[in-house]
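Please treat every number below as a calculation from the coordinates, not as lab data. Because the structure is predicted, anything quoted here is derived from the model rather than measured. For neighbour counting, all protein chains shown are included, and Cβ atoms are generated from backbone atoms with ideal geometry for every residue, glycine included.
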Amino acid sequence: MDLGYKENEKGYDQIDLSFDGNMLFDNLPEIMRPHKVADLLGLSVKTIYDWKYRGKTRNIPSDLFLKLNRSLYIRTEVLKRLVTSN
C-alpha cells in the first residue's frame, strides 16, 4: 500500500489510499482460526461463524472452512479470493 503524497490537478498534495488486497495476506499461514481472521479483517468472531452456518445465503465459498479435531479453521487462500474478488 503506497501512502505517499501525490499532487492532484489543482496542485494540492493528497494521500493516495490505493489498496492492494493481496498485501493483506502476505506471510500468513495456510489455515487460521476464526478469531485471527476476525482481527485481520476487522470483523467480529460472530460474523465469521455466521459465514460458516449461513454461507450459502451469503455467497461464501463452501471450501473456506476446515474442521480439524472439532476446531474450525479458515483456509487463507480461499479467504484471499473472497476478499479480493470485489
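A few notes on this one:
- Ratio Rg/Rh, restricted to segment 21-84 and using Cα atoms, in which Rh is the Kirkwood radius: 0.92
- Counting neighbouring beta carbons within 10 Å and listing from fewest to most, the residues Tyr73, Tyr49 come out as Tyr49, Tyr73.
- Estimated distance in nm for a label pair at Lys46 and Thr84, the labels positioned 7 Å out from Cα along Cα-to-Cβ: 3.2 nm
- Ordering Asp50, Asp63, Asp26 from the fewest to the most neighbouring beta carbons within 10 Å gives Asp26, Asp63, Asp50.
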